[in-house]
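Written below as C-alpha cells is the structure these notes are about.
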Amino acid sequence: MEMEGEVIRVPKSRFPLSFWEVAGASMVVLGFVLGLLCVYLTMPSSDYSFLRLPRSLEDLQVLRDHLEIYTSDYTVQVLVGYCVVYIFMQTFMIPGTVFMSLLAGALFGVLKGVALVVFAATAGASSCYFLSKLIGRPLVFSLWPDKLSFFQAQVAQRRKGLLNYMLFLRLTPTLPNTFINVASPIVDVPYHIFFLATFIGLIPAAFITVRAGIALGDLQSVGDLYDFNSIATLFLIGVVSVTPTLMSKNKSEHV
C-alpha cells in the first residue's frame, strides 16, 4: 500500500503491536484504573455492585437510579468518575458511549449534560488520537485497510478545506467516529483541525442523545434515538458544513 509516495509495510507478525507498544498502552490503562480507584475511595461506604458499564437500556436505568442518590452530595466524584470512564472508553474504542451520553442527560439535564458529553468525548477522542499516533499504525492497517485508503485519499484531496470535511464526517455517519479518532493521525490530519471538528461536530448528536436521556424510561431501544428527522437534520448540517469547500473547489476548477 502506498501513501504519498511512501511504501508502508504492514507488520507480518500475528499480533500487530510490539512488546513496548503493549506496555505503553498498559500504562495508560493503569492510569485510568488509578483515577477510578481514587474516586471510589472518596465515596461513602456502600454497595457498589451496580457499577458496571451499561450494555442495555435496562442496565442504564439501574445505574441512573443508583447514581441519582449520590449526584447531589458527591457531585465532584460522580463527574470525575463519569469523565474517566467516558474518556477510557473513547481512548480504547470500547463500544457503549451512547449509553454514557444518555446517562449524562438523566443525571445532569440538557445543558450540563451536553457540555459534559462534548468535553468528555472530545478529550477521549484526543486521547485516542495521540495514542494512535504513538502505537496505532499497525492496528489501523490490520483492522481497516480499505477504509484507511479511502480516508487518506479524501484528506489529500481536501487539504485546503480540511476542517469543513472533518466537520462533515463528525456530523454524518459517513465514517465511524471510532475510525476517525484512530486513523486521523495516521493520515496526517493536524490535531488543531481534528480538535475543532470534534468539539463542534459532536454537539448536535450529543444534544439529541442527552435530551433523550431525560426521558430514559420512554425509550424502547437505542434505535429510537435517531429517527428520520434527527438523521436528516444531521445530514443537512453536514452538507452545509462542507458546501464552502465544494464551492471553492468548483470555482478554482473554472478559473
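Highest-first packing order for the peptide set 33-46, 69-82, 189-202 is 189-202, 69-82, 33-46, based on the mean count of other beta carbon atoms within 10 Å. For region 44-89, a/c is not less than 1.5, where a ≥ b ≥ c are the root eigenvalues of the C-alpha gyration tensor, and a/b does not top b/c. That puts it in the oblate class.
Please work out whether region 89-133 counts as rounded, prolate or oblate from its C-alpha gyration tensor, where a ≥ b ≥ c are the square roots of the eigenvalues and a/c under 1.5 means rounded, while otherwise a/b larger than b/c means prolate and anything else oblate?
Oblate.
Per residue of region 198-204, in order, report the coupling 6.51 cos²θ - 1.76 cosθ + 1.60 (Karplus, θ = phi - 60°) as ³J(HN,Hα) in whole Hz, putting x for Gly and Pro. Running phi through 6.51 cos²θ - 1.76 cosθ + 1.60 with θ = phi - 60° gives 5, 4, 6, x, 7, 4, x Hz.
When the Karplus curve 6.51 cos²θ - 1.76 cosθ + 1.60 is applied with θ = phi - 60°, which whole-Hz ³J(HN,Hα) does each residue of region 119-134 get, with x for Gly and Pro? For region 119-134, the Karplus curve yields 4, 5, 5, 5, 5, x, 5, 5, 4, 5, 4, 6, 5, 5, 4, 7 Hz.
Bear in mind these aren't lab numbers, they're just calculated from the coordinates by the rules spelled out. Nothing here was measured: the structure is a model prediction, and the numbers come from that model. A quick note on method: Cβ atoms are made from the backbone with ideal geometry, for glycine too, and the neighbour counts reach across all protein chains shown.
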